[in-house]
Every structure is written in structure tokens, then in C-alpha cells.
Amino acid sequence: MGVFKKKTREINMKEEQKKDKDKRDRSIYLKLWRTRNKERIKIYNNYERKIKGRFSNYRQNGFSVTEKDFYLLLEKQNYCCGVCGKKFPRKIDRVKNRNIQLDHCHKTKKVRGILCSSCNVGIGMLNEDVSILLKAIAYLKKGRL
């Protein structure tokens, strides 16, 4: 019985050593890649590209929303989520603040408004179906008794 435990321990140690070696190899590879691709990394990390890229993504996906349109819509909604009323900051950092979502109809591709990510995900999870939303409301009301 003691021999079996010793063999198992040796096998486990070899596996651990192999994992450590794999981690070191990966680390070396990443350092080498970073030194060879400094310009590429600089472009990727470009702050302005990320901000403007967010609005260009809206245009690529079939929404004709510019940054100006986005802020006009946000102002029209009084800088709040269209569903729960959560307040948004007046100036939005689109890179850091992913909590603000552009809501749209998936069938018509028309923009409905701006929501917080929780409300946007909730509507999406219920398949944007009003009858399911009404059933969910009834369910929640029934549970309050």
C-alpha cells in the first residue's frame, strides 16, 4: 500500500512540474510577442479608437446612431434608464461604463432607447415578448402576498 501512495505522489509531482513548465513557456511566449508587437498593442489600447469604435459598431450593426444622436437620446430620457430610471452620468466614458446599452428591436433594427445593462438583458432574456413580460409582472405581484 505504501508503494502505491509513493508512485501516485511521484506522478502528481511530475504533473505539477509539467504545468509549471507550461506556464513558464506561455509567459516567455507572451513577453516575446509583446516586444515584437509594440505598435499593434499601442493601436489596440488607443483610448480614442475604443470610444469612437463603440459608436461605429452601432452603425455597422444597422443602427444609424452617431455619438451626437446617442447624447440627444440620453438627454431626451433625462440621463436615466428607460425602464428602471437609474441615473446615468452626464458625460459617459463608453469604454469604462459598459452599463449603458443602446436598446433596439431585433426585427426592425430600430432604436427604442437607452437602458442599463440589467434592464436590457432582462428584456432580451424574455425574448422581447410583451405577453411574457405581462406574465412575469403578474407572477411578481402574486408573490408579494
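Things to note:
- Residue within the stretch 84-95 that is surrounded by 14 or more Cβ atoms within 10 Å (Cβ to Cβ), of a type outside the set (D, E, K, R) and modelled with pLDDT under 90 present: yes
- Check on Asn99, modelled with pLDDT under 85, out of contact with any Gly (no Cβ under 6 Å at 6 or more places or on another chain) and within 30 Å of Ile137 (Cβ to Cβ): yes
The values are calculated or read from the model by the stated rules, or taken from the named source; none is laboratory data. As the structure is a computational prediction, the values presented were derived from the model and not from experiment. Cβ sites come from the backbone with ideal geometry, for glycine too, and all protein chains shown count toward neighbours.
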